[in-house]
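Encoded as structure tokens, the structure appears first; notes follow it.
Values in this text are rule-based calculations from the coordinates and carry no lab data. Model, not experiment: these values are computed from the prediction. Note that each Cβ is placed from the backbone with ideal geometry, even for glycine, and that neighbours are counted across all protein chains shown.
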Amino acid sequence: MAHLVLTLIGDDRAGLVAATADVITAHGGNWERSQLAELAGMFAGVVEVSVPDERVAELTASLGELDGLLKVVARPGTTEPGVAWPELRANLVGNDRPGIVREVSAVLARHGLNIETLDTHTVDAPMGGGRLFEAEVVARVPPSADVSALRADLERLAAEILVDITLGAAN
């Protein structure tokens, strides 16, 4: 059984998920997991699919026929387990401004952490006007990381960029 990772993008409209699922099912594929979203009027997503080895080329070609609806790129995935390092969860809330993701991800990269998920959004600030930036990060911590130094760097950054960062182990 082959695993594919599909990236999807197109103008948002009803029926895009159904059209993609129809093609996958018609070729013996199984929709394993996904993250899908509407962003600025566009539909975007990442989908993991398993499909019989002998049907990969056929499925990939058929997904290309969705070009009138979606741009789909299929890449081979793996069934190998991911990194088994412990997880760290960070939640951020603060006034929105350019550069927050860059600065936080740079600290995580300096300490060798691998970001598994990053969910961000902005919302209107209650009673104060302006916009709030909110993020949830789940990252894997390598055995070589100095967790105390990581926490200190994230707390120092939080003070510099005026965001609240809550850290904890992910379940």
Check your understanding: Which of the peptides 134-140, 35-41, 25-31, 64-70 is most tightly packed, and how do the rest follow, judged by the mean count of other Cβ atoms within 10 Å per residue?
Key -> 134-140, 25-31, 64-70, 35-41
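What net charge do the residues around Asp164 carry, taking every other residue with its C-beta under 11 Å from that of Asp164, with Lys and Arg at +1 and Asp and Glu at -1? Mind showing how you got there, number by number?
Values: positive: none; negative: Glu134, Glu155.
Overall, the nearby charge balance is -2.
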**Study point:** Rough spin-label spacing in nm, given labels placed 7 Å along Cα→Cβ, for Leu162 and Val123
**Key:** 2.0 nm
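With a/c under 1.5 counting as rounded, go ahead and sort region 2-76 into rounded, prolate or oblate using the C-alpha gyration tensor (a ≥ b ≥ c being the square roots of the eigenvalues; past the cut-off, prolate if a/b is larger than b/c, else oblate). Each step should come with its number before you reach the end.
Numbers: a/c = 2.04, a/b = 1.70, b/c = 1.20.
Prolate shape, in that a/c is at least 1.5 and a/b is the bigger ratio.
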Check your understanding: Residues with amide H under 5 Å of Asn95's amide H, sequence separation 5 or more or different chain, H placed in the peptide plane at 1.01 Å from N; which?
Key -> Phe133
Study note, to complete from the structure: Given the candidates Leu118, Gly77, Leu63, the one whose Cα lies deepest towards the positive end of the charge dipole of region 36-136, counting +1 at each Lys or Arg C-beta and -1 at each Asp or Glu C-beta, is Leu118
**Study point:** Whole-angstrom gap from region 1-66 to region 87-103, using each part's C-alpha centre
**Key:** 30 Å
Revision key, fill the gap. Sequence order, region 123-139: Karplus ³J(HN,Hα) from phi using 6.51 cos²θ - 1.76 cosθ + 1.60, θ = phi - 60°, Hz rounded, Gly and Pro as x, gives 9, 5, 6, x, 6, x, x, x, 10, 9, 9, 10, 9, 10, 10, 10, 10
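Treat every Asp and Glu Cβ in the chain as -1 and every Lys and Arg Cβ as +1, leave all other atoms uncharged, and give the resulting dipole magnitude about the Cα centre to the nearest 20 debye.
Working: 13 positive and 25 negative charges, 72 e Å.
The calculated dipole for the chain is roughly 340 debye.
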Exercise for review: Run the numbers on the chain and let me know its relative contact order in percent, using alpha-carbon pairs under 8 Å that are six or more apart.
Suggested key: 23 percent
Exercise for review: Between beta-carbons, use under 15 Å as the cut-off and find the net charge around Asp11, counting Lys and Arg +1, Asp and Glu -1.
Suggested key: -1
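Would you list Ile100, Ile24, Ile9 from fewest to most Cβ contacts within 10 Å? List each step's numbers first, then the result.
On the way: Ile100 19, Ile24 22, Ile9 14.
Ordered from fewest to most neighbouring Cβ atoms within 10 Å, Ile100, Ile24, Ile9 come out as Ile9, Ile100, Ile24.
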**Study point:** Integer Hz, Karplus 6.51/-1.76/1.60 couplings in order for region 14-28, x for Gly and Pro
**Key:** 5, x, 5, 5, 4, 5, 5, 4, 4, 5, 4, 5, 4, 10, x
Review point. If you add up the charges near Leu88, with Lys and Arg at +1 and Asp and Glu at -1, over every other residue whose beta carbon is less than 13 angstrom from its beta carbon, what do you get?
Key: -2
